[in-house]
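The values are calculated or read from the model by the stated rules, or taken from the named source; none is laboratory data. Not measured: the values here are computed from a predicted model. Here the Cβ positions follow ideal geometry from the backbone for every residue, glycine too, while neighbour counts run over all protein chains shown.
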Amino acid sequence: MAKKQEEQQNPNLPAIPPELKEKLDKIKKKLESFSKKIVDKFDKYICGVALLPPPQSKPGMSPEEIAEIESVKDKIHALVLVDDSEPSKMSKEEMNERLNTIIKKTAEEIDKDLLVNVIMISNLWQDCYDGKYDKLQMVAMSAPVHDTGMLSAIKISEVHKTMTLKKFEKYIVAYVLAGSIVQGKATKESDIDVFLIVDDTDVKKMSRAELKDKLRQIILGMGFQAGEITGIKNKINIQVYILTDFWESVKEAHPVIFTFLRDGVPFYDRGIFMPWKQLLKMGRIKPSPEAIDMYMSTGEQMIQRIKHKIREIGIEDLFWSTLTPSQAALMMYGVPPPTPKETPQVLRDIFVKKEKLLTESDVKIIENLIKTRKELEHGDKKSITGKMLDEMLDGAEKYLKRIRKLFTQLEKIREEEAVLHLYDTIAKIIRDILALHQIFKIGEDDLLKVVKTELVSVGHLTSKQFKQIEEIFKAKKDYLAGKMTKSEVLKSRKESGELVRYLVELVQRERGKEFAKTKFHVKHGEKFGEVILLEDKVFVIQDVDAENKVIESATVKDGEFGSLTKSSFEELETALAKAQIPRKVFIHEKVFESLKKLFGKDVQIMVHH
């Protein structure tokens, strides 16, 4: 049981001899059988069943007492903790006697050597009130077989108390178990609440606050150690109070301190806690008039705080919870987020009147929330009731549910529009490529056939790229037929980026080849120049070898150049992008005469093959 668990937790412990292990296993089975029987009989009244170590003789015992201890040393000693806190028709003494008889009879049926010590919770607590802690130490040394949480709480608290007193006995005046454990509301998972009172009346070397902080830090650390020693996982909550603060709280009728005094059970007391507990029970500890006024005003302050919070929820929380999603929906549609005041009208214009995705009642919800916020902000409406808040909250939830649906609808529309845009982009680029090959006026139904014969068959496009184009064309047809799936949308968008980049590069390469025909080099004197001749404009670089090239431009009419003006490479790029590519470039007499005027009579034209 406990020894076996400790051995598993700590592999450094010596191994248990086989004969002892066999004996412990037998004891464990008997105790489990005994525990099951009494729990089945008395159910929630049984707080715990545990194995106790054999009794030991102590100095000062009489020979008769020692002989009695020796006679029962080899028997099985068990503890049964009984909860007698609930009211009963019989007195506690009668109940104690009856339970004792039945439990001990059950033990004899299991094994005649099974000796049971039945302890009532009320008797255990009374011993603590009287300053008798023997039974607590007995529980601390026990190995639980059945536990509803009480045994664990007493065990870890007793171990922690012993550790604390060993180090700080001079300062600790009371160690008290409190919370749900002593109120009879504990479960196996309940936290264990204890509080300590530290005497700070004779502190000289440090301030009271320093004493409290230092002791608190060490005592909390001991709480973790106690959990590790006992193997109890329940959290132990330790509150450390200094005596002067505790006394002030008693005088001020602090509700937490009053609860501690009323319900707390002292596991250690140097004559401070129990007198206070008795005085409270007698009604002699009464709050001061100042404390009464303070608590009365606290109630009023809390009411005002609640009203303020309700108002704040109406002004801010509900307002922003509906406004920001509305603005997000408009942004998703492609509209910049409007001001709060403009938002309902923009929603109405776009999603109610134009797209028919929302109803007027949907927009009215956010409109009313904005209106309420404005009225509260400007003081036209002083407060809002809980009923109004519930109605506003219901409206906001309904509106947000509708906005979530709107997002889904907008996402679908955007995805479908993305497919159309992708189709238009691909189709336009393909037509541009075909136009560079002098192929014009192709019907939409014939476009794929022409691409296959004119671009795929000659190696401008691969079979894989052609398949991607086919899928984009199919996605567009499915969209028009209302059959497009989300997977088609995602696939089209995923594979289109690389295809578009390749087609654009293909257009640029083809245009580059064609524009190369419009460019020729000239030699004038020792310099080399460059001329780019477009349909109605010419760009001239007088010296292509110069460190800072100067580019000029002039208009062209019937082959004759106008006056040159300073230009730039950016202007050249813009002109090339807009220009129609000439099928053939001829240098006729007027062009040649313009070149002679520009570069001199000895100008020579370099011919490209």
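Key figures for this structure:
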item: Ala186 being farther than 25 Å from Gly271 by Cα, among the aliphatic types (A, V, I, L, M) and not assigned by TED's automatic domain parsing to the domain that holds Asp25; result: yes
item: From Lys21, Lys41, Lys36, Lys58, residue being under 21 Å from Asn96 (Cβ atoms) and basic (Lys, Arg); result: Lys41
item: Listing of helices (runs of 4 or more DSSP H) fully contained in the stretch 57-151 that carry 3 or more residues being of a type in the set (A, V, I, L, M), in contact with a His (Cβ under 8 Å, 6 or more places away or on another chain) and surrounded by fewer than 17 Cβ atoms within 10 Å (Cβ to Cβ); result: none
item: Qualifying residues in the stretch 503-531 (those that are touching a helix residue (DSSP H, G or I) at 6+ places or on another chain (Cβ under 7 Å) and not in a strand (DSSP E or B)) - the one farthest from Gln465 (Cα to Cα); result: Phe515
item: Selection status of Lys286, not in a helix (DSSP H, G or I) and not β-branched (Val, Ile, Thr); result: yes
item: Unmet requirement for Gly221, which otherwise passes all of (1) free of Cβ contacts under 8 Å to residues at least 60 places away in the same chain; (2) in contact with a Gly (Cβ under 8 Å, 6 or more places away or on another chain); (3) of a type in the set (Gly, Ala, Ser); result: (2)
item: Residue list for the stretch 532-580, restricted to those being closer than 19 Å to Arg511 by Cβ, among the β-branched types (Val, Ile, Thr) and in a strand (DSSP E or B); result: Ile532, Val538
item: Residue match in the stretch 315-329 (condition: under 30 Å from Glu367 (Cβ atoms) and charged (D, E, K, R)); result: yes
item: Any hit, the stretch 150-160, residues being without any contact (Cβ under 8 Å) to a residue 12 or more places away in the chain and over 14 Å from Gly48 (Cβ atoms); result: no
item: Unmet criterion (only one of (1) surrounded by 11 or more Cβ atoms within 10 Å (Cβ to Cβ); (2) at pLDDT 80 or above; (3) more than 30 Å from Arg431 (Cα to Cα)) for Gly559; result: (2)
item: Pick from the stretch 173-216, criterion assigned to a loop (DSSP other than H, G, I, E, B) and farther than 24 Å from Arg262 by Cα, ranking: modelled with the highest pLDDT; result: Thr201
item: Subset of the stretch 224-244 that is in a helix (DSSP H, G or I) and in contact (Cβ under 8 Å) with a residue 12 or more places away in the chain - its residue that is nearest to Ile172 (Cα to Cα); result: Leu243
item: Per-region count, the stretch 494-536, residues over 60 Å from the mean Cα position of the chain (by Cα) and without any contact (Cβ under 8 Å) to a residue 12 or more places away in the chain; result: 1
item: The stretch 418-462, residues that are touching a helix residue (DSSP H, G or I) at 6+ places or on another chain (Cβ under 8 Å) and part of a loop (DSSP other than H, G, I, E, B); result: His437, Ile439, Phe440, Ile442, His460, Leu461, Thr462
item: Matching residues in the stretch 313-330 - criterion: being under 16 Å from Asp390 (Cβ atoms) and surrounded by fewer than 16 Cβ atoms within 10 Å (Cβ to Cβ); result: Asp317
item: Residue match in the stretch 331-347 (condition: surrounded by fewer than 17 Cβ atoms within 10 Å (Cβ to Cβ), on the phi > 0 side of the Ramachandran plot and of a type in the set (Lys, Arg)); result: no
item: Residue satisfying condition, being in the same structural domain as Ala226 (by TED's automatic domain parsing) and more than 42 Å from the chain's Cα centre (by Cα), within set Leu261, Leu279; result: Leu279
item: Residue that is modelled with the lowest pLDDT [pool: residues in the stretch 311-333 that are β-branched (Val, Ile, Thr) and more than 15 Å from Tyr399 (Cβ to Cβ)]; result: Ile315
item: Subset of the stretch 250-265 (residues that are within 18 Å of Asp193 (Cβ to Cβ) and surrounded by fewer than 17 Cβ atoms within 10 Å (Cβ to Cβ)); result: Pro255, Val256, Phe258, Thr259, Arg262
item: Leu280 vs. criteria crowded, with 16+ Cβ neighbours inside 10 Å, without any contact (Cβ under 8 Å) to a residue 24 or more places away in the chain, under 26 Å from Ile172 (Cα atoms) and in contact with a helix residue (DSSP H, G or I) (Cβ under 9 Å, 6 or more places away or on another chain); result: yes
item: Residues satisfying the stated conditions in the stretch 451-484, i.e. touching an Asp or Glu at 6+ places or on another chain (Cβ under 8 Å) and at pLDDT below 70; result: Met484
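Listed here are the residues, each with its yes/no results for (1) out of contact with any Asp or Glu (no Cβ under 6 Å at 6 or more places or on another chain); (2) closer than 30 Å to Thr101 by Cβ.
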| residue | (1), (2) |
| --- | --- |
| Val118 | yes, yes |
| Met150 | yes, yes |
| Ala153 | yes, yes |
| Thr164 | yes, no |
| Gln183 | no, yes |
